[in-house]
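Below is one structure, written out as structure tokens, with a few remarks after it.
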Amino acid sequence: MNLFIFLTSKNPTTLLKKIFENSFKYTHLWVNGEKLTELYSIIKPSDYNRILCLQTNSEIIHYLNDNIPEKTPLVIYGELREDLNQLSLKEISTRIRSCIERYINDEVYLRDLLYDFFTKFIIVLIAEGNVKIISDHIGYYPLFYYSTGDLVIYSNIKRNIWIAGASPLTELDHYPKPFIPSTLIEESINEEAVVEKLEELLTKAVLKQLPENAKIGVMFSGGLDSLIITKLLMKINKSFNNEIMLITAGLEDSKDIRNVRSLSSLLNLQVTEALFTIEDVARILPEILLTIERYDTLNVSLAIPEYFALKKASENKLQAVFTGQGADELFYGYHKYVEALRNGLNIREIRDQDFLTLSIRNLEREMKLAFKFNLELKYPYLDRELISYANTIPDNYKLKPVNDGFASKYILRLLGQRLSIPVDSVAGKVAMQYGSGAMKALRKISYTVLKDSFIQYKITEFLKKLYIEVLEKHGYK
């Protein structure tokens, strides 16, 4: 595990000493605008009042941070596009450096240029004495922020902020703030053209993120979103020579496992099952809580099947795992969108708010789990070009009026049919925390531990109590 530290200012605090007492390897150090290569020059009683901590397992990111910064103090973090394999890392570094140094004061244009190199990214730099944060549209890498007195600390891992004195139970603000990519509305549009364009853009999004000669996985629940990604991967993979593993996690008797077994037989797909028991969940809950740094029921219940799926991927030495995250927001897959439409609410405003909170609601948790297992998560549905185009699609192509109701993700279902997916067979998909049996496991565990509590509060009460115990055990109070 590696820790990037970006340091400015000379005001002394005790924070740096506390951070160095932890068992991290430190690289890419900037102090007051000067890049250091040796630790001895800053291991001394004086510390600093502005600190950025970014943790990564990526050797490519280490290389970029060693080779990009020259004139401008910065830390760069992200995932390079896989379709840049015709360029060497040295060439990529040189081009990125040129873009940053030339357009450092034009944040919007610089962001657009960085998409030529990255699928997701965040850059933190000092320009004219001020800290500047430039990131992708989704905000894949939230930096949590804490300020007390003269101390300011940014970190993608909350534990670094807890060391600084913040309470683990306090909600932290974060940067950067996501935004919705700009959209050009098309004058005329028809279903066939939309489906064709969606396939083109989703294929392009997969290509940007697909490594060659690698073992890759798909978080596969048997739902439409992951089925489309699977079909596209299999179609593209004829030129890539990758080994593709579909992974489904759940209790033995869970709906997701039953559905996937039926579907895999129907479509002749090989699916790897990451089965877990209620006892398994009880055993790894403390580890999950410490990893995702949250204890709310929704995040924990989603983290359980994700943990076992990613653990299975790691055990099988996969390098990357694709997910269908983002499709429900793009194509109105949640039931609340149907209710909003029926009640005359502005469905696009609701959807936009969901996008702006997606990083904190879901991606933060998923990427912390992936980091734990040294995996990269791939999000084709969150590709900037795809989002921009999807925003031009009329709402009635996403929620199609049918009889007395609505067909959700209608246009995506047409794409599924185009890819030979029997879309009727995936109509009954339920949310992952229920389909996997994770919520069932949490209920049983919490009810067993807290027998005397009111039933409706048992899961929340149990998780908070366990979370506090786990933090205290690891020295966070």
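The values are calculated or read from the model by the stated rules, or taken from the named source; none is laboratory data. In this text the structure is predicted, and so the values were computed from the model without any measurement. Glycine gets a Cβ as well: all are built from the backbone with ideal geometry, and neighbour counts include every protein chain shown.
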Legend entry - the stretch 92-103 residues that are basic (Lys, Arg), paired with ones that are modelled with pLDDT under 90 (beta carbon under 6 Å, 6 or more apart): 97/68
Legend entry - Residue in the stretch 108-120 that is among the polar types (S, T, N, Q) and surrounded by fewer than 23 Cβ atoms within 10 Å (Cβ to Cβ) present: no
Inset, instruction - Go through the stretch 196-232 and count every residue that is of a type in the set (Asp, Glu) and within 18 Å of residue 375 (Cα to Cα). - result: 1
Legend entry - Test set (1) at pLDDT below 90; (2) on the phi < 0 side of the Ramachandran plot - residue 219 fails condition number: (1)
Inset, instruction - Given the conditions (1) at positive phi; (2) assigned to a helix (DSSP H, G or I), report the number of the one that residue 257 does not fulfil. - result: (1)
Inset, instruction - Can you tell me which residue among 229, 247, 257 is under 18 Å from residue 433 (Cβ atoms), surrounded by 18 or more Cβ atoms within 10 Å (Cβ to Cβ) and at pLDDT 95 or above? - result: 247
Legend entry - Number of the exception - residue 252 against (1) part of a loop (DSSP other than H, G, I, E, B); (2) touching a Ser or Thr at 6+ places or on another chain (Cβ under 9 Å); (3) modelled with pLDDT under 90: (3)
Inset, instruction - Under 8 Å between Cβ atoms, at least 6 apart or on separate chains: pull out the pairs that start in the stretch 278-301 with a residue that is under 21 Å from residue 357 (Cβ atoms) and assigned by TED's automatic domain parsing to the domain that holds residue 449 and end on any residue that is acidic (Asp, Glu) and assigned to a helix (DSSP H, G or I). - result: 292/364
Legend entry - Pairs with Cβ under 6 Å, 6+ apart, first in the stretch 142-166 and part of a helix (DSSP H, G or I), second aromatic (Phe, Trp, Tyr): 158/144; 161/144; 161/146; 162/476
Inset, instruction - Report the residue count in the stretch 378-402 for those that are within 16 Å of residue 216 (Cα to Cα) and either among the charged types (D, E, K, R) or at pLDDT below 95 (or both). - result: 1
Legend entry - Test: residue 139 is surrounded by fewer than 18 Cβ atoms within 10 Å (Cβ to Cβ) and on the phi > 0 side of the Ramachandran plot: no
Legend entry - Checking residue 101 against (1) out of contact with any Pro (no Cβ under 8 Å at 6 or more places or on another chain); (2) at pLDDT below 90; (3) surrounded by 16 or more Cβ atoms within 10 Å (Cβ to Cβ); (4) part of a helix (DSSP H, G or I), the condition it does not meet: (3)
Inset, instruction - Could you tell me whether any residue of the stretch 440-448 is out of contact with any helix residue (DSSP H, G or I) (no Cβ under 7 Å at 6 or more places or on another chain), at pLDDT 90 or above and either crowded, with 19+ Cβ neighbours inside 10 Å or assigned by TED's automatic domain parsing to the domain that holds residue 227 (or both)? - result: yes
Inset, instruction - Kindly establish whether residue 401 is without any contact (Cβ under 8 Å) to a residue 12 or more places away in the chain and farther than 26 Å from residue 111 by Cα. - result: yes
